[in-house]
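Derivation of every value follows stated rules applied to the coordinates shown; laboratory data play no part. Here the structure is a predicted model, which means the values were calculated and not measured. Glycine also receives a Cβ, built like all others from the backbone with ideal geometry; neighbour counts cover every protein chain displayed.
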Amino acid sequence: MDIVDALVEHHQVLRQLSQQAEEDPAAFAEYIRHLVVHHTMEEKYFYDLFEQVPAARHASLEAVNEHHIIELILKDAEGFPPEHDRFPIKVEGLSEYTNHHLDEEEMEVFPMARQLLAAKDLAALGAAFQEAKENLLNVRLPEVPAGIDTSGRSAGRSVAAGLGIGSLKK
Ligand SMILES: [Fe+2]
Ligand SMILES: [Fe+2]
């Protein structure tokens, strides 16, 4: 699968998740996870190179700038409690802007890439993107352990015990 096909395939996943995200906080978290991986890897395996092609420079910079704007909208939505009655409208705003960005890439940027880059290079980039995407999406961070004492009262003792200081004194 070349880089254009790989990116378009992932766009479909993003569109689907964005639809579910307004009503389902778990889907919202998944949407954000995919979106961040998509943008980071799309820049690494596509835009960082494509912006070096003179005829593609402006379109590439514009797309990456849109990634930054999406990040700002995303931070704003993320800071909103999911139970707040305005949360769905925050997610809707993020989805609308993001979907517009995806459409523009598919209609304007990617056809340009097919014209300006060699098929073998598109294929090599596609393989790298797919591998990176799969690796990153499969990373599962452990949950924060429950019951951590945040009172600050037992911190000194815990640090000493953790460092084995108690046993050194014996
Ligand atoms: Fe993008
Ligand atoms: Fe994209």
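Can you tell me the relative contact order of the chain? Whole percent, Cα pairs under 8 Å, sequence separation 6 or more. Once divided by the residue count of the chain, the mean separation gives 35 percent.
Size of the chain from its Cα atoms: along the principal axes, largest to smallest, the extents are 73, 44, 25 Å. In a GNM of the chain with a 10 Å cut-off on Cα contacts, which of V109, V36, V144 has the highest mean-square fluctuation? Among V109, V36, V144, the largest GNM mean-square fluctuation belongs to V144. Computed from phi, the 3J(HN,Hα) profile of the range 100-114 under the Karplus parametrisation 6.51, -1.76, 1.60 (θ = phi - 60°) reads 4, 5, 4, 4, 5, 4, 5, 8, 10, 6, 5, x, 5, 5, 5 Hz, with x in place of Gly and Pro. The helix-based estimate of mean residue ellipticity at 222 nm for the chain, built from -39,500 (n - 2.57) per DSSP H run of four or more residues and divided by its residue count, is -22000 deg cm²/dmol to the nearest 500.
Counting only GluC sites (Glu not before Pro) that are in a DSSP loop and have at most 10 other C-beta atoms within 10 Å, tell me the longest site-free stretch of the chain.
Details: sites that count: E83, E143.
The longest such stretch corresponds to 1-82.
Cβ-Cβ distance of D121 and E92, R₀ of 35 Å, FRET efficiency by 1/(1 + (r/R0)^6): the value works out to about 0.40.
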